[in-house]
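J.: Structure below; questions to follow.
FYI, it's all coordinate maths here, none of it is from the lab. All figures in this text were calculated on a predicted structure; none of them were measured in a lab. Using ideal geometry, Cβ is built from the backbone for each residue, glycine included, and neighbour counts are taken over all protein chains shown.
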Amino acid sequence: MTITALPTGLYAEVLSFYGHQMQKLDGRDFAGYAATFTEDGEFKHSPSLPAAHTRAGILAVLEDFHQKFDAHKIQRRHWFNHVAVTEAPDGSLTATSYCLVLTVHADVKQPEFGPSCVVHDVLVRGEDGELLLRSRHVTHDHVFPV
Amino acid sequence: MTITALPTGLYAEVLSFYGHQMQKLDGRDFAGYAATFTEDGEFKHSPSLPAAHTRAGILAVLEDFHQKFDAHKIQRRHWFNHVAVTEAPDGSLTATSYCLVLTVHADVKQPEFGPSCVVHDVLVRGEDGELLLRSRHVTHDHVFPV
Amino acid sequence: MTITALPTGLYAEVLSFYGHQMQKLDGRDFAGYAATFTEDGEFKHSPSLPAAHTRAGILAVLEDFHQKFDAHKIQRRHWFNHVAVTEAPDGSLTATSYCLVLTVHADVKQPEFGPSCVVHDVLVRGEDGELLLRSRHVTHDHVFPV
């Protein structure tokens with residue numbers, strides 16, 4: 001049950017991609033976040049909601065979802081951990097990662113935590129060789145299969 | 001007091017190893033987790049318990065320990081941070097990492113946290129060049145030396 | 001809005017640097033932590049305090065700040081996440097990272113959390129090619145701009 005090593009540089013490239021990508025999301029740069037998907041990308045950010053499709057569709061969903069958060073009073077942070085990447089024969093990458101959502105309220109030092117999630121991504125190369133998300137599905141740890 | 005750089009690719013390989021390894025543990029694939037140790041590996045997962053030895057011994061300890069958790073009601077997540085790797089002259093690696101245990105209860109969005117730990121690993125190469133744990137010792141931050 | 005890939009090995013080198021550096025800080029090796037800055041480095045660890053300058057100045061500030069923590073009763077841990085690195089034309093690196101402070105009290109399994117921060121670093125190469133911090137500015141997520 002060996003853990004296969006990836007080509008040199010690939011794993012760090014994925015981590016670096018997530019670093020930039022998730023700072024865009026938490027910084028409310030939703031257009032920038034949507035642009036990290038392929039043009040026909042799929043984003044299912046909650047088990048209870050249908051998936052969004054295309055960059056325009058993802059942007060619309062994010063803008064709608066974040067209307068419930070007041071940017072002047074709330075700072076969200078999506079932390080990732082234990083990114084596990086597998087390379088498929090066609091060169092696409094499957095990445096499964098832990099994600100914990102932190103919500104910081106103005107003037108309150110201790111963040112609010114939750115949910116704890118698992119992020120299931122498929123990454124591919126764009127025209128310039130850059131990484132892009134073809135799909136992202138998020139599951140919630142506190143929602144157990146019936 | 002310089003921080004020495006590791007050979008290219010090595011640090012990312014260790015992070016990638018941990019990503020896969022700890023997802024096996026939290027996914028209750030205890031045989032898969034035990035297989036990330038050398039055949040004669042040592043695992044001391046709690047300061048108050050004796051170390052387990054060999055893959056079979058590690059597997060037995062994990063199955064016993066996890067009987068107290070009901071997989072239908074609890075999802076555990078072992079987060080890592082600040083992995084600090086040092087290469088020994090014989091090629092073995094010493095890796096010291098922060099670890100925080102999250103316990104997610106069914107239908108409860110906010111995880112339970114603790115303990116905060118330090119994981120002390122020694123990694124070596126297996127027959128196929130893959131990384132394996134020769135030993136893992138875990139200490140708990142809230143247990144102070146007397 | 002492409003996320004540019006860094007030279008192979010560079011991103012992992014930054015993560016490895018942080019792993020060692022922050023373990024020095026949390027292990028109260030303040031001289032070791034100060035030595036990860038350039039000789040004329042700048043460290044602004046709190047929005048409400050003036051920046052410290054030079055290794056000697058950084059060491060003095062840290063020793064003073066940590067007098068309020070009793071090492072026999074408190075273990076602090078500075079977790080990092082989503083390190084986002086950008087390379088400038090002059091070879092210096094800008095790294096923006098999430099940071100969450102954990103404070104562990106003796107005999108208490110659950111850590112205390114906060115503040116959630118963003119760490120803004122500029123890294124350069126020292127005489128031996130090693131990474132050093134030229135400056136570090138820390139902002140707090142719960143302190144919103146007026």
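J.: State the Cα centre-to-centre distance between segment B:56-115 and segment C:43-84 in whole Å.
T.: Centre-to-centre distance over Cα atoms comes out at 28 Å.
J.: Looking at chain A as a GNM with Cα springs under 10 Å, which of A:GLY41, A:GLY27, A:GLY91 has the largest mean-square fluctuation?
T.: Its mean-square fluctuation being the largest, the pick is A:GLY91.
J.: Any chance you could list P(r) for chain C, counting all Cα-Cα pairs in 5 angstrom bins from zero, rounded to whole %?
T.: Reading the bins upward from 0: 2, 9, 17, 23, 21, 15, 9, 4, 2, 0.
J.: How would you rank B:LEU10, B:LEU102, going from fewest to most other Cβ atoms within 10 Å of each one's own Cβ? It would help to have the intermediate numbers written out before the result.
T.: Details: B:LEU10 17, B:LEU102 21.
By the 10 Å Cβ count, ascending, the order reads B:LEU10, B:LEU102.
J.: Right, here's the next one. Order of B:73-80, A:50-57, C:68-75 by packing, highest average Cβ count within 10 Å first?
T.: Details: B:73-80: 19.4, A:50-57: 15.9, C:68-75: 12.5.
Packing proxy ranking, top to bottom: B:73-80, A:50-57, C:68-75.
J.: Here is a follow-up. Can you return the lysines within cross-link range of C:LYS24? Criterion is Cα-Cα under 21 Å, with same-chain partners fewer than 8 residues away left out.
T.: C:LYS24 reaches C:LYS44, C:LYS68, C:LYS73.
J.: Using only DSSP helix segments of four residues or longer, with each worth -39500 (n - 2.57), what per-residue ellipticity at 222 nm results for chain C after dividing by its residue count and rounding to 500?
T.: For chain C, the value works out to -7000 deg cm²/dmol.
J.: Something else: Of all alpha-carbon pairs in the protein assembly as shown, indicate the percentage at a distance above 35 angstrom. If you can, show how the numbers build up before the last one.
T.: On the way: 26367 of 95703 pairs.
Of all Cα-Cα pairs in the protein assembly as shown, 28 percent lie more than 35 Å apart.
J.: Taking every DSSP beta bridge that has both residues in segment B:34-146, what percent is antiparallel when rounded to the nearest 5?
T.: Antiparallel: roughly 90 percent of the beta bridges in segment B:34-146.
J.: Please compute one quarter of the surface area of the Cα convex hull for segment C:28-84 and express it in square nanometres. Kindly include the intermediate steps, with their values, before the conclusion.
T.: Values: hull surface 19.3 nm².
Projected area, direction-averaged: 4.8 nm².
J.: Give me C:SER92, A:SER97 ranked fewest to most by other Cβ atoms within 10 Å of their Cβ, as a rough exposure proxy.
T.: Ascending Cβ contact count within 10 Å gives the list C:SER92, A:SER97.
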